[in-house]
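The values are calculated or read from the model by the stated rules, or taken from the named source; none is laboratory data. Just so you know, these numbers come straight off a predicted model, no measurement behind them. Cβ: placed from backbone, ideal geometry, glycine included. Neighbour counts: every protein chain shown. Areas reflect the complete protein model, heavy atoms only, side chains present, ligands, DNA and RNA absent. Shrake-Rupley method; radii C 1.70, N 1.55, O 1.52, S 1.80 Å.
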Amino acid sequence: GKMFSAQISDYPDHKIRGGHYSPYLGNLESNKKAIDEAFVNRLNLLHTTRILNLEPLPSMVKEINDYAAERGIKCAITGVPSVGDIPNFRKVIPQGQDEHTYDYRTEEGIFGWKGHAISWSRDDLAETQAKKAVEYMKKYNFQIFAIHPVDAGGIDNPSRWNSRSEKCRKKWGGNFFAAHEHLIKLYCDTIKKHAPE
C-alpha cells in the first residue's frame, strides 16, 4: 500500500535520434503531420537524403523546417562538396557519357557528376560554393549539412579518380584519400566559420 518517493529519469539511449523526411514533397499540412509524428516518437533529427544542387526549393520548406525547430528537431540536408552547380546539366553531357561523371571544363580541372561541378584542385571555387551552401541552409533553416562525396566509377575508378585532370594530379599525385579529406575539411571549416551554430 505504500510507494517510496523516487526520482525517475527517462530519456532515449541515443543523443541523435534521426529519421528521413522530404520537405519539398507533399504539402504543408502533410509535412507538419510528419513532423508531429517525429516529435511524438522523440526524434530530434530529420534528414533529407535527396542530393541537391543549390537550386530554389518551394517556400514551404522553410516553414516546415521552422515548425520542426520549434519542436526541438534539427533538419539536415545532403550536399555534395562541389565547386559549383551545372544548371541544365543533361544538356552539357558529351555524347556517349552519362550523368555519373562526364567531361566538363576539364582544362580547369573540373568534371561533372549529375548537376555538380567537381574538382580536387579548385579550392577557390570550392570555398565559394561552401559559402553559398551556408546561405542556402540559412534561407531554408537547415541546421546540418551532410556531405555526400561522388560515388561513381566503381572499384576500378572511384569517384573518377583515374580520370582526374592534370591539375588534380599535380596537386595530389596518387593520394585519393588526402584529396577527398582536404575537400571535405574545406567544406566543414567554411560552413563552421560562417554558421558556427
### Message
Every residue in region 174-195 that is surrounded by 16 or more Cβ atoms within 10 Å (Cβ to Cβ) and within 27 Å of I155 (Cβ to Cβ), please.
### Response
A179, H180, H182, L183, L186, Y187
### Task
Determine which single condition T49 fails, assuming it passes every other condition in (1) within 16 Å of the chain's Cα centre (by Cα); (2) crowded, with 18+ Cβ neighbours inside 10 Å; (3) within 17 Å of R17 (Cα to Cα).
(2)
### Message
Anything in region 78-106 that is over 19 Å from the mean Cα position of the chain (by Cα) and aromatic (F, W, Y)? List them, or say none.
### Response
Y102, Y104
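Against the definition (touching a residue at least 40 places away in the same chain (Cβ under 8 Å) and under 19 Å from T190 (Cβ atoms)), how does E127 come out, yes or no?
Details: touching a residue at least 40 places away in the same chain (Cβ under 8 Å): yes; under 19 Å from T190 (Cβ atoms): yes.
When the stated conditions are applied, E127 passes them.
Which one of these is out of contact with any strand residue (DSSP E or B) (no Cβ under 6 Å at 6 or more places or on another chain) and open to solvent by 60 Å² or more (accessible area, probe 1.4 Å): Y11, Y24? Don't jump to the end; show me each part of the working.
Details: Y24 fails: open to solvent by 60 Å² or more (accessible area, probe 1.4 Å).
Of the residues listed, the single one that is out of contact with any strand residue (DSSP E or B) (no Cβ under 6 Å at 6 or more places or on another chain) and open to solvent by 60 Å² or more (accessible area, probe 1.4 Å) is Y11.
Out of all the residues in region 128-143, which are outside any loop (DSSP other than H, G, I, E, B), open to solvent by less than 60 Å² (accessible area, probe 1.4 Å) and closer than 13 Å to N65 by Cβ? Outline the logic, then answer.
Initially, region 128-143 is screened for residues outside any loop (DSSP other than H, G, I, E, B), giving 128-140.
Next, from what is left, pick out any that are open to solvent by less than 60 Å² (accessible area, probe 1.4 Å): 129-130, 133-134, 136-137, 140.
Scanning region 128-143 gives Y136, M137, Y140.
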### Task
Check off (1) hydrophobic (A, V, I, L, M, F, W, C); (2) in a helix (DSSP H, G or I); (3) touching a Ser or Thr at 6+ places or on another chain (Cβ under 6 Å) for A152 and give me the number that stays unchecked.
(2)
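For C168, indicate whether it is hydrophobic (A, V, I, L, M, F, W, C), assigned to a helix (DSSP H, G or I) and buried (at least 20 other Cβ atoms within 10 Å of the Cβ). Explain how you work it out, then say what you get.
Details: hydrophobic (A, V, I, L, M, F, W, C): yes; assigned to a helix (DSSP H, G or I): yes; buried (at least 20 other Cβ atoms within 10 Å of the Cβ): yes.
In short, yes.
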### Task
Residues being part of a loop (DSSP other than H, G, I, E, B) and either touching a residue at least 60 places away in the same chain (Cβ under 8 Å) or in contact with a helix residue (DSSP H, G or I) (Cβ under 9 Å, 6 or more places away or on another chain) (or both): count how many of those fall in region 80-99.
5
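Among the residues of region 53-79, write down those that are assigned to a loop (DSSP other than H, G, I, E, B) and open to solvent by 10 Å² or more (accessible area, probe 1.4 Å).
Residues satisfying the conditions are N53, L54, E55, P56, L57, P58, S59, R71, G72.
Restricting to region 175-197, give me the number of residues that are part of a loop (DSSP other than H, G, I, E, B) and either among the basic types (K, R) or closer than 20 Å to I110 by Cβ (or both).
Our first condition is that a residue be part of a loop (DSSP other than H, G, I, E, B); within region 175-197, this holds for 175, 195-197.
Adding the requirement that they be either among the basic types (K, R) or closer than 20 Å to I110 by Cβ (or both) leaves 175.
Result for region 175-197: 1.
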